[in-house]
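Trainee: Attaching a single structure in structure tokens format; questions to follow.
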């Protein structure tokens, strides 16, 4: 797993270093705040600007969600390969809304998005843990409606447990195709590699690298280093 992650990091940064007119370079920072309302429910708030290397700040998204953790219907809850510390390590359900707005007055952008997700979690023993997030989205971009389905396969591996050192490190890789009704197909596939660094039980930073491959040759693919900061209250 570690060698594969290192290889993928090298590959993605090589793509970024060779970025040309067909590949845009952006920076995707973000802040997520998780507010626990019960053992198996929490509110999730998101803020994420997008910055282009060529033009600076491009747009900002804000979001609010509610997430529930459900007990497994087939697997035994006593499965020792999953540490159910937060009540969300078997099956997660999230519903929410997001609003995107552009900051360039010459090219205004506005999007409303309503989403629903179901994410089963599967342990793979020493190999890691698999998260299969299934997201449906209803979108209004400039008042024009469309819908998307975004299944995301993520595999992570706990390298340093929090209990051993007071810090936790989880490298991960993911792939996510976008099924979009506006084009009746899959206009893009997004790849991500990164590491989740738990510095305390309430504070996590997640540096990563994205590569967003667009099928339409008239639309640039995107190479994007990212830094997500998460607070658990």
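The values are calculated or read from the model by the stated rules, or taken from the named source; none is laboratory data. Since the model is a prediction, treat every value here as computed from it, not as a measurement. No Cβ is skipped: glycine too gets one built from the backbone with ideal geometry, and neighbour counts run over all protein chains shown.
Trainee: Spot the failing condition for residue 196; the list is (1) in a strand (DSSP E or B); (2) within 28 Å of residue 139 (Cα to Cα); (3) in contact (Cβ under 8 Å) with a residue 40 or more places away in the chain, and only one is missed.
Mentor: Every condition holds for residue 196 apart from (2).
Trainee: So is residue 173 in contact (Cβ under 8 Å) with a residue 60 or more places away in the chain, in contact with a strand residue (DSSP E or B) (Cβ under 6 Å, 6 or more places away or on another chain) and either assigned to a strand (DSSP E or B) or under 24 Å from residue 31 (Cβ atoms) (or both) or not?
Mentor: Taking the combined requirement at face value, the residue satisfies it.
Trainee: Moving to a separate point now. Taking the conditions exactly as written (in a loop (DSSP other than H, G, I, E, B), surrounded by 14 or more Cβ atoms within 10 Å (Cβ to Cβ) and either modelled with pLDDT under 85 or within 20 Å of the chain's Cα centre (by Cα) (or both)), does residue 89 satisfy them or not? Spell out the reasoning first.
Mentor: On the way: in a loop (DSSP other than H, G, I, E, B): yes; surrounded by 14 or more Cβ atoms within 10 Å (Cβ to Cβ): yes; either modelled with pLDDT under 85 or within 20 Å of the chain's Cα centre (by Cα) (or both): yes.
So residue 89 fits the description; yes.
Trainee: When the residues of segment 44-57 are narrowed to those that are touching a residue at least 24 places away in the same chain (Cβ under 8 Å) and over 17 Å from residue 103 (Cβ atoms), which ends up farthest from the chain's Cα centre (by Cα)?
Mentor: Out of the qualifying residues, it is 44.
Trainee: Here's a follow-up. With the condition kept exactly as written, say whether any residue in segment 160-169 is closer than 26 Å to residue 97 by Cβ and either assigned to a strand (DSSP E or B) or in contact with a helix residue (DSSP H, G or I) (Cβ under 9 Å, 6 or more places away or on another chain) (or both).
Mentor: no
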